[in-house]
Amino acid sequence: MVVPHGGRLVDRVLKGDERQEALERVHLLPKLELSRDLAFEVENIATGVFSPLEGFLGREDLESVLDHGRLANDVPWTIPIVLDISEDVASSIRDELVLCYRGEPVAIMEVEEVYAYDRVGMALGVYGTTSEEHPGVLKVNGMKDLLVAGKVDLLNQVPSPFPKYKLSPKETRVLFELKGWRTVVGFQTRNVPHIGHEYVQKTALTFVDGLFINPVIGRKKPGDFKDEVIIAAYEALMENYYLRDTAVLAVLQMEMRYAGPREAVHHAIVRKNFGCTHFIVGRDHAGVGNFYPPYAAQEIFEDYPDIGIVPLFFRSFFYCRRCGGVVNEKVCPHGEEYRVSFSGTKLRRTLKGEAEEGGVLIRPEVEEVIRSYPEPFVEGR
């Protein structure tokens, strides 16, 4: 099986007497309440999803990630995993900090460093822009003034909205081995599945033993599909159109950052830790608006020959009414007037009754499930 990123799978989940001793110290230590997405980050560190990280990044690693897309030790890493705090909180902490979610202790953090950072530098380094039209930049600009770095030890699992589909890298690696999968392709998504997604997944599956469908569950921008809709849609697709022995569905509890090329690399690293040998990178992977060129998320992998997972690049697929099926520009000779592109925007318009492409864009069983939700989209700005 593929070696975890950085050489070993991180496991900082406290158990037994060690956990009990830590719980007894909790009431003596300063506490920091986390958002759900930050609580997910803590758990992802501790369970190895973010291997080789053992905690939130310090200044040296952060600067290296922003400037070079690598940790200070040269291991590929493109997205800062950081914990922001106010000056008031910083003045109250010493060697340890209890990280809480909904008032309950999640982890104990060994405080190693508290430091200031440059918001503009972070926005440019990760997103390549300072425009607040980018949701990632908007989030950076709303962060607190300081960052705290240090290793985390998990005390309690973060409650999952989908416990049936929550698997750690240890568990997926055992599952893949039990299934006899020597090669596994990972598929990242923040959308309900349209027929273009299905075509890409099954094309990739032709060359490997198993498919790992891994939707992101966490903060998304307004207009994206809600988490529960994505899961229900994939359940309908897999029940009706996939062999049970060749595909697995599990959630990734992690916010979307919409960082385009850098996030594509990050997504690949995470799936490598889950045990995938291959990873699907599509057009405008993890992009938003027009901030990134269509194939920038594929081209960035040229800078990471040492990433340790095989990226599979797919160009744009579309339905050709003349060909009568899903094709791409390399095999279809017909003009634009025959083509129906697969896009989240067009799918949303169809589901809202603003277009009539349903039978071409999406399986009827999936469409039925989505329409059963009165409000399937994330609301807000």
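Computed from the coordinates by the stated procedures, all read-outs in this text should not be read as laboratory data. Just so we're clear, the structure is a prediction, and the values are computed from it rather than from any experiment. In this analysis, Cβ positions are derived from the backbone assuming ideal geometry, glycine residues included, and neighbour counts consider all displayed protein chains.
From most to least packed by mean Cβ count within 10 Å, the peptides 148-158, 251-261, 340-350 give 251-261, 148-158, 340-350. Any idea what % of Cα-Cα pairs in the range 78-119 are farther than 14 Å? Here the tail beyond 14 Å accounts for 57 percent of pairs. Of all the options Val120, Val49, Val13, the one that moves most in a Gaussian network model of the chain with Cα springs shorter than 10 angstrom is Val120.
Arranged from fewest to most other beta-carbon atoms within 10 Å of their beta carbon, Phe301, Phe176, Phe212 become Phe301, Phe176, Phe212. Taking the Cα atoms of the range 135-239, the ratio Rg/Rh between the radius of gyration and the Kirkwood radius comes to 1.03.
Taking a threshold of 27 Å on the Cα-Cα distance, which of the pairs Lys220/Lys272; Lys164/Lys226; Lys272/Lys352; Lys15/Lys144; Lys220/Lys352 fall above it? Over 27 Å Cα-Cα: Lys272/Lys352; Lys15/Lys144. Below 8 Å between Cα atoms, with a sequence gap of 6+, how large is the relative contact order for the chain in percent? Result for the chain is 18 percent. Note on the chain: Rg/Rh from Cα positions, Kirkwood definition for Rh, rounded to two decimals, is 0.97. Using a cut-off of under 15 Å, list every residue of the range 134-177 whose amide N is near the label point 7 Å from the Cα of Ala116 along the Cα-to-beta-carbon line. Output list for this probe position: 144-148.
Couplings for the range 124-138, taken from phi via the Karplus curve 6.51 cos²θ - 1.76 cosθ + 1.60 with θ = phi - 60°, read 5, x, 8, 9, x, 7, 10, 6, 6, 5, 8, x, x, 5, 4 Hz in order; Gly and Pro are left as x. Remark: the range 213-225, residue by residue, has Karplus-estimated 3J(HN,Hα) of 8, 9, x, 7, 10, x, 4, 9, 7, x, x, 6, 6 Hz, where x stands for each Gly or Pro and the curve is 6.51 cos²θ - 1.76 cosθ + 1.60 at θ = phi - 60°. Taken along the Cα-to-beta-carbon direction at a fixed 7 Å, the label points for Phe162 and Glu368 span 2.1 nm. Over the residues of the chain, the helix contribution to mean residue ellipticity at 222 nm works out to -9500 deg cm²/dmol, using -39500 (n - 2.57) for each DSSP H run of at least 4. Amide H to amide H distances under 5 Å link Gln253 with Ile217, where only residues 5 or more positions off or on other chains count and H is placed in the peptide plane. DSSP beta bridges confined to the range 5-154 are antiparallel in about 85 percent of cases.
Measuring spread by the Cα atoms of the range 220-375 yields a radius of gyration and Dmax of 16.9, 46 Å. With the simple spin-label model, which puts each label point 7 Å out from Cα in the Cβ direction, the Asp209 to Ser316 separation comes to 3.7 nm. With the convex hull of its Cα atoms as the shape, the range 18-103 has an orientation-averaged projected area of 6.6 nm². A simple spin-label model places the labels of Asp145 and Asp88 1.2 nm from each other, with each point 7 Å out along Cα-to-Cβ.
Taking every alpha-carbon pair under 8 Å whose residues sit at least 6 apart, the range 5-154 reaches a relative contact order of 30 percent.
Cβ-to-Cβ counts within 10 Å put Tyr117, Tyr292 in ascending order as Tyr117, Tyr292, the fewest first. The long axis of helix 227-241 is offset from the longest Cα principal axis of the chain by roughly 50 degrees. For the range 38-46, 3J(HN,Hα) computed residue by residue from phi via the Karplus equation (6.51, -1.76, 1.60; θ = phi - 60°) reads 5, 5, 4, 4, 4, 5, 5, 5, 5 Hz, glycine and proline entered as x. Among beta bridges from DSSP that stay inside the chain, the antiparallel ones total about 55%.
Under the convention that each Lys and Arg Cβ holds +1 and each Asp and Glu Cβ holds -1, the size of the dipole of the range 5-154 around its Cα centre is about 300 debye. Annotation: amide H-H contacts under 5 Å for Leu83 (H modelled 1.01 Å from N, sequence separation of 5 or more, or interchain): Leu57, Val148. The magnitude of the dipole of the chain, with charges of +1 and -1 set on the Cβ of Lys/Arg and Asp/Glu and taken from the Cα centre, is near 1280 debye. Relative contact order of the range 163-371: 23 percent, from C-alpha pairs under 8 Å at least 6 residues apart in sequence.
Dividing the convex hull volume of the alpha carbon atoms of the range 5-154 by its residue count gives 108 Å³ per residue.
Here the Gaussian network model covers the chain, with springs between Cα atoms less than 10 Å apart; of Ala232, Ala250, Ala268, Ala232 fluctuates the most.
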